[in-house]
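Right, one structure below, let's go through it.
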Amino acid sequence: MKKTSLKAFPETKLAKLQTLQIGNDCAVHSIVAAIELLSEVKLDPAEIIAEINRIWWQGRFYRLAPNSAITSPLQLRLLRYLAKKHDLPLNASLLHLSPDVLRATAEADNIACLVTIYWWFKQSPKIYYRDQPKNYNREKGASGHTMLFAAYDPDHYSGEIHTPWGFINSWVNAGTGLFWMEDKAFMKSWGIPIPRWGNNATLTISHEIGNLT
């Protein structure tokens, strides 16, 4: 399989879209990165987080609770809200993609995909930064995490570990590289069949002419 990356950008350029999360807000940071990549509009994650926490109490739900998780269906709702509010020519769908189709999206200039991975207690998948062998995901509890799929490189290694899947991830501010996962670890954690949300859930965002309807 050939090497691909969003907009054919090098890893260092894609890495600059990363913003560091403080709380349970990986989905917001991933959405902001996708918006900047596709529309060149830079939004402030902190402002979005404060807003959706505040309006939750008004019955406008873009997360499960203030400072709580943002599931894939809620990510879709949030992206559409931000696109309408900021007049962005973006559309989105919540799909369940195969690995081959996800890889192929990196070849399109107008598509970005958010993937959400899940794991059970003491089964967190390893996530590596750049070519370093250190595992940055040492979460012991059951949890989930959203990242923006950025690249597939069949020749990428983190130390001696084969890590072909690359992501824009909210664990560093800008940084000099992407975060990478082994094929088996990504397939397992992305493919967990969460009730109602399904497996391989992917928020697929596209740049289009005109606004959302």
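The values are calculated or read from the model by the stated rules, or taken from the named source; none is laboratory data. Quantities reported herein were computed from a predicted structural model and do not represent experimental measurements. Virtual Cβ from ideal backbone geometry, glycine too; neighbours counted across all protein chains shown.
Return the residues of region 83-100 that are in contact with a helix residue (DSSP H, G or I) (Cβ under 7 Å, 6 or more places away or on another chain) and within 17 Å of LEU37 (Cα to Cα); say none if nothing qualifies.
Pass one, region 83-100, residues in contact with a helix residue (DSSP H, G or I) (Cβ under 7 Å, 6 or more places away or on another chain): 88-90, 92, 94, 99.
Hits for region 83-100 are LEU88, PRO89, LEU90, ALA92.
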When you look at HIS145, is it under 30 Å from PRO89 (Cβ atoms) and out of contact with any Leu (no Cβ under 7 Å at 6 or more places or on another chain), yes or no? yes
Picked from region 25-63 (must be surrounded by fewer than 19 Cβ atoms within 10 Å (Cβ to Cβ) and polar (S, T, N, Q)), the residue farthest from TRP171 (Cα to Cα) is GLN58
Which pairs turn up if I take residues in region 23-47 that are under 16 Å from SER143 (Cβ atoms) and look for partners that are basic (Lys, Arg) and buried (at least 20 other Cβ atoms within 10 Å of the Cβ) with beta carbon separation below 9 Å, at least 6 apart in sequence or on another chain? ASN24/ARG63; ASP25/ARG63; ALA27/ARG63
Pull up region 1-57, narrow it to residues that are at negative phi and of a type in the set (Lys, Arg), then point me to the one that is modelled with the lowest pLDDT. LYS2
Take ALA151 and tell me if it is crowded, with 19+ Cβ neighbours inside 10 Å, modelled with pLDDT under 95 and within 27 Å of LEU88 (Cβ to Cβ). no
Give me a count of the residues in region 155-185 that are surrounded by fewer than 14 Cβ atoms within 10 Å (Cβ to Cβ) and part of a loop (DSSP other than H, G, I, E, B). 6
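Yes/no matrix, rows are residues, columns are (1) touching a residue at least 24 places away in the same chain (Cβ under 8 Å); (2) of a type in the set (Phe, Trp, Tyr); (3) closer than 21 Å to GLN21 by Cα:
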residue	(1), (2), (3)
ASN53	no, no, yes
ALA65	no, no, yes
ARG80	yes, no, no
ASP87	yes, no, no
SER93	yes, no, no
ASP100	no, no, no
CYS113	yes, no, yes
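So, LYS188, is that one in a helix (DSSP H, G or I), of a type outside the set (Asp, Glu) and farther than 25 Å from PHE9 by Cβ or not? Give the steps one after another, and end with the answer.
Working: in a helix (DSSP H, G or I): yes; of a type outside the set (Asp, Glu): yes; farther than 25 Å from PHE9 by Cβ: yes.
Answer is yes for this residue.
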Options ASN110, ASN199, ASN137; residue that is closer than 20 Å to ALA34 by Cβ and over 12 Å from the mean Cα position of the chain (by Cα): ASN110
Given the criteria touching a strand residue (DSSP E or B) at 6+ places or on another chain (Cβ under 7 Å) and more than 17 Å from GLY198 (Cβ to Cβ), does ALA151 qualify? yes
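Here is a yes/no grid of residues against (1) under 17 Å from the mean Cα position of the chain (by Cα); (2) of a type in the set (Lys, Arg); (3) surrounded by 20 or more Cβ atoms within 10 Å (Cβ to Cβ):
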site: ALA65; (1), (2), (3): no, no, no
site: SER68; (1), (2), (3): yes, no, no
site: LEU79; (1), (2), (3): yes, no, yes
site: ALA92; (1), (2), (3): yes, no, yes
